[in-house]
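Undergrad: Input: one structure, supplied below.
The values are calculated or read from the model by the stated rules, or taken from the named source; none is laboratory data. Values in this document were obtained by computation on a predicted structure and should not be read as measured data. Please note: Cβ atoms are built from the backbone with ideal geometry, for glycine as well, and neighbour counts cover all protein chains shown.
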Amino acid sequence: MRVAPSILSADYARLAEEVESTRAEADALHVDVMDAHFVPNLTIGPPVVRWIRKHTDLYLDCHLMMDDPGRYLRAFREAGADGCSVHVEVGKTGELIAQMRELGLGTGLAVNPETPLDDVLPWLADIDLLLVMTVHPGFGGQSFMEEVVGKIARARQAIDERGLAVEIEVDGGIDPVTAPVVARAGARLLVAGSAIFGAPDRVEAARRIREAAASVIRLESARVGKEPGTGGDR
């Protein structure tokens, strides 16, 4: 299980300190980029990513909630982004994937709660990461949408059936209660914003999310790895 704190919920006036406050339990840093067109909010762009890069060696996972992400992919790469996720809903998916590959970016495809999984299935073999939104994108602090869990499970099944090395990332309402739910469905990278940056001890908050999810995986592994009634390994 991996955890990516989302700086959308951080204090931007002291962003370097906020990033450092999660460092001990963060596997990546999730950077939400909103253009006020694809979503009704406006956040940051490549200049802020460049300054974040100066203060951390964490993997910068940039979620581009933008109408025209292709116009800015090179700028994000040059600013220090390690990976970008674009939304399948904006179209030109093949072109955007090819552009990210050419730039050497980790290649992610994001899907909104109401968008059918069928819209992303044709692209699974071409991406590194599938970002499943469990809230409507645009604002932090929203409630987890449990109806999306089935989509995560179906994505996990499709990835496993094809033998693909695609990581499933989940973003929206993730905390120690919902983390086990999405982990059981197949997610392995969990984005958490307010659950981490709203806590007095950010490291402990991230650890609790990771452990809650990992405990479910351990239980599932133990169940599958034992023959009923024998107590021994298969």
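Undergrad: Which helices (runs of 4 or more DSSP H) does the range 131-205 wholly contain that include 2 or more residues that are out of contact with any helix residue (DSSP H, G or I) (no Cβ under 9 Å at 6 or more places or on another chain)?
TA: The qualifying helices (runs of 4 or more DSSP H) are 149-162.
Undergrad: Still on this structure, please answer the following. Has the range 68-76 got at least one residue that is more than 25 Å from Pro200 (Cα to Cα) and among the basic types (Lys, Arg)?
TA: yes
Undergrad: If Leu109 passes every condition in (1) part of a strand (DSSP E or B); (2) free of Cβ contacts under 8 Å to residues at least 40 places away in the same chain; (3) closer than 20 Å to Arg53 by Cβ but one, which one does it miss?
TA: Among (1) part of a strand (DSSP E or B); (2) free of Cβ contacts under 8 Å to residues at least 40 places away in the same chain; (3) closer than 20 Å to Arg53 by Cβ, the lone unmet condition for Leu109 is (3).
Undergrad: Looking at Thr115, Thr107, which one is among the polar types (S, T, N, Q) and over 30 Å from Ser221 (Cβ atoms)?
TA: Among Thr115, Thr107, only Thr115 is among the polar types (S, T, N, Q) and over 30 Å from Ser221 (Cβ atoms).
Undergrad: Step by step: first the residues of the range 188-204, then only those that are buried (at least 23 other Cβ atoms within 10 Å of the Cβ) and small (Gly, Ala, Ser), then the one that is nearest to the chain's Cα centre (by Cα). Which residue is that?
TA: Checking each candidate, the answer is Ala192.
Undergrad: Find all pairs meeting these conditions: Cβ atoms under 7 angstrom apart; at least six residues apart or on different chains; first residue within the range 209-234 and within 21 Å of Ala24 (Cβ to Cβ); second residue modelled with pLDDT under 85 and β-branched (Val, Ile, Thr).
TA: Correct list of pairs: empty, since none qualify.
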